[in-house]
Amino acid sequence: MSKLREKLESGKFVVTGEIGPPKGANIDVCLHDAEILRDYTTAINVTDLQSAVLRIGSLAVSSKLVERHLEPIYQLTCRDRNRLALQSDLLSAWALGIENVLCLTGDHPIMGDHTEAKPVYDFDSVQLLKAASTLNQGHDVSGHELDSSPGFFLGAVVTPGAEPLEPQIIKMKKKIEAGAKFFQTQAIYEPDKFESFIKQVERFNVPVIAGIVILKSAAMARFMNDNVAGITVPENIIGEMSETPKEDRKKKAVEITARIIRQVRPLCQGVHIMPLGWDELVPDIIKESEAQ
Amino acid sequence: MHATIQKPIDEIIGYLEPGEKVFIVGCDNCAAKCHSGGEPETEEMAERLKKKGVNVVGWCVPQPKGISLCKLSNTKKVLQEEYGEETKQADSFLILACGQGIHTVMDATDGEMVHPGCDTIFGGETVTDDFITEFCSLCGDCIVEDTGGLCPVTLCAKSLLNGPCGGAKDGKCEVDRTRDCGWQLIYDRLKALGKLDKMEKYVPPKNNSRWSRPRSLTMAGKEATFRSLAGDCTISRQD
């Protein structure tokens, strides 16, 4: 059984990590990143053509994690697959030993490196969750019986910093009704705002895992503030980063990240660390934040 | 209406064989509204092509005023009778109208050679005399009852049916920050109408077989039948 499910269902705090499959045919680097996360995470997200950039698929890398006795959270987006492909990939995932699935809409192709690609979106994320739940119940979305059924542990995402927040919360409720058993969030840098979000969704009684993106520089913070929906890095954190000499930035990143984790920890049931290449900092972050 | 925009003139000239005799046909409905194939633009195209050495044997925008080129019976009468002399000389027809109009000219001329003079870009609302924009994708399976009349298939870049993705910033879409997020518009409208509860309802996946192509509509008395890969759908206006 999925350790992630076991821990979340028994009310334990979890740490999840994330790896991004590479743009190329060699997966050694991302498997190495996964090894760094082994002792510090319960499960590892494997992104699905993140930012709509062509890469190795999340299904293949998730399967490689299973082979290595690491637990993947297989990310599946609606961008590139119609309902036949989505359901087939889900059944394939189950056959490969993958239990946790994070159901996402997916970045639009225009954001990536194949801008002329046909966006599919035959389903949206709510419909995908419902489809996966239907498979769990032994049927496909057309109502045909399966000869055996999977038992996925389904997750979804939410953006606590969205403005307005209400449409996100309405959609979150629909995702829960469609079968989402846990949520991972967009990156959190403002624990106060996150707390007010949590107060609004407590009534749903579903585990929320706070997204934590390791901040690498002040420039990265400004870029996210200007370009990424739902992320606001406060000025004081940007200041801390910009005052830090380049050689000490990794140390500072550990300090800031661990502090945010300590602040959000009492509010939620886990943290999802997105290292964006600074995977080697994760052990120190976990130790310093006492998240484990 | 079907929005169209003229193709670049050099692309059009590239379609023509040396010495090919061309008759130009516009449309007094949609293409006229788009300034791509009304009377002024069709006459202008004839002059532009002549200046570039093209052998234009005539042009017309079938009348009466405001009629669509895609009304076959009218277009046939105009091309074969009113302009019969010129069209008989033509090796081909250049159509300044939508793709439906191109096919109508094929039918109206009993299968003569046609060239597209426009790209057909979308079905839209003529908001002002110089601005047309898209609110409907012609999917054949309308769901705007639950979205306050605003179509998420069209207004959301990802055609999401159950609410916004996380990509909107300041109410603008992640694919184009100058464009409103379709779900922000739907949310604002439902909220203003006091019908936000509609947004909480699960919307099932679309029946894409009603969006199959080509589709047809047949009218008979008080009945209309829509044919698509979803099967024949007959609606009666009896009750």
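Does A:Ala229 qualify as being under 22 Å from A:Lys250 (Cβ atoms), under 16 Å from the mean Cα position of the chain (by Cα) and not acidic (Asp, Glu)?
On the way: under 22 Å from A:Lys250 (Cβ atoms): no; under 16 Å from the mean Cα position of the chain (by Cα): yes; not acidic (Asp, Glu): yes.
When the stated conditions are applied, A:Ala229 does not pass them.
Being touching a residue at least 24 places away in the same chain (Cβ under 8 Å) and more than 8 Å from every other protein chain (Cβ to nearest Cβ) is the filter here, so list the residues in the range B:169-183 that pass it.
Narrowing the range B:169-183 to residues touching a residue at least 24 places away in the same chain (Cβ under 8 Å): B:180-183.
Selection gives B:Asp180, B:Cys181, B:Gly182.
Give the residue that is surrounded by the fewest Cβ atoms within 10 Å (Cβ to Cβ), with candidates limited to residues of the range A:132-173 that are within 11 Å of chain B (Cβ to nearest Cβ) and of a type in the set (Ser, Thr, Tyr).
Among those that are within 11 Å of chain B (Cβ to nearest Cβ) and of a type in the set (Ser, Thr, Tyr), it is A:Ser142.
Here are B:Gln80, B:Gln63: which of them is open to solvent by 10 Å² or more (accessible area, probe 1.4 Å), within 30 Å of B:Phe135 (Cα to Cα) and either touching an Asp or Glu at 6+ places or on another chain (Cβ under 9 Å) or in contact (Cβ under 8 Å) with a residue 40 or more places away in the chain (or both)? Walk me through how you get there before you give the answer.
Values: B:Gln80 fails: within 30 Å of B:Phe135 (Cα to Cα).
From the options B:Gln80, B:Gln63, the qualifying one is B:Gln63.
Suppose we filter B:Lys158, B:Lys206 for residues that are within 11 Å of another protein chain (Cβ to nearest Cβ), closer than 30 Å to A:Gly230 by Cα and touching a residue at least 60 places away in the same chain (Cβ under 8 Å); which single one remains? Break it down stepwise before answering.
Working: B:Lys158 fails: touching a residue at least 60 places away in the same chain (Cβ under 8 Å).
Only one candidate passes the filter, namely B:Lys206.
Quick grid of which residues meet (1) open to solvent by 10 Å² or more (accessible area, probe 1.4 Å); (2) in contact with a helix residue (DSSP H, G or I) (Cβ under 9 Å, 6 or more places away or on another chain); (3) within 29 Å of B:Cys181 (Cβ to Cβ):
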position	(1), (2), (3)
A:Glu71	yes, yes, no
A:Thr77	no, yes, yes
A:Arg81	yes, yes, yes
A:Ala93	no, yes, no
A:Gly97	yes, yes, no
A:Val101	no, yes, yes
A:Met111	yes, yes, yes
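Could you tell me which numbered condition B:Asp170 fails, if it satisfies all but one of (1) at positive phi; (2) in contact with a Leu (Cβ under 7 Å, 6 or more places away or on another chain)?
Only one criterion in (1) at positive phi; (2) in contact with a Leu (Cβ under 7 Å, 6 or more places away or on another chain) is unmet by B:Asp170, namely (2).
Taking the conditions exactly as written (more than 12 Å from every other protein chain (Cβ to nearest Cβ) and assigned to a loop (DSSP other than H, G, I, E, B)), does A:Ala117 satisfy them or not?
Working: more than 12 Å from every other protein chain (Cβ to nearest Cβ): yes; assigned to a loop (DSSP other than H, G, I, E, B): yes.
Judged against the criteria, A:Ala117 is a match.
Please go through the range A:169-209 and give me each residue that is polar (S, T, N, Q) and without any contact (Cβ under 8 Å) to a residue 40 or more places away in the chain, ordered by number. Step through it out loud before you land on a result.
Here is the first cut: in the range A:169-209, the ones polar (S, T, N, Q) are A:184-186, A:196, A:200, A:205.
If the condition is that a residue be polar (S, T, N, Q) and without any contact (Cβ under 8 Å) to a residue 40 or more places away in the chain, then A:Ser196, A:Gln200, A:Asn205 are the ones that fit.
Working only within the range A:208-245, note down all residues that are more than 14 Å from chain B (Cβ to nearest Cβ) and of a type in the set (Ser, Thr, Tyr).
Across the range A:208-245, the qualifying residues are A:Ser217, A:Ser242, A:Thr244.
The values are calculated or read from the model by the stated rules, or taken from the named source; none is laboratory data. Since this is a predicted model, take the numbers as computed values, not measurements. Here Cβ is always computed from backbone atoms with ideal geometry, including for glycine, and neighbour counts include all displayed protein chains. The area values use the complete protein model at the heavy-atom level, side chains included, leaving out ligands, DNA and RNA. Shrake-Rupley method; radii C 1.70, N 1.55, O 1.52, S 1.80 Å.
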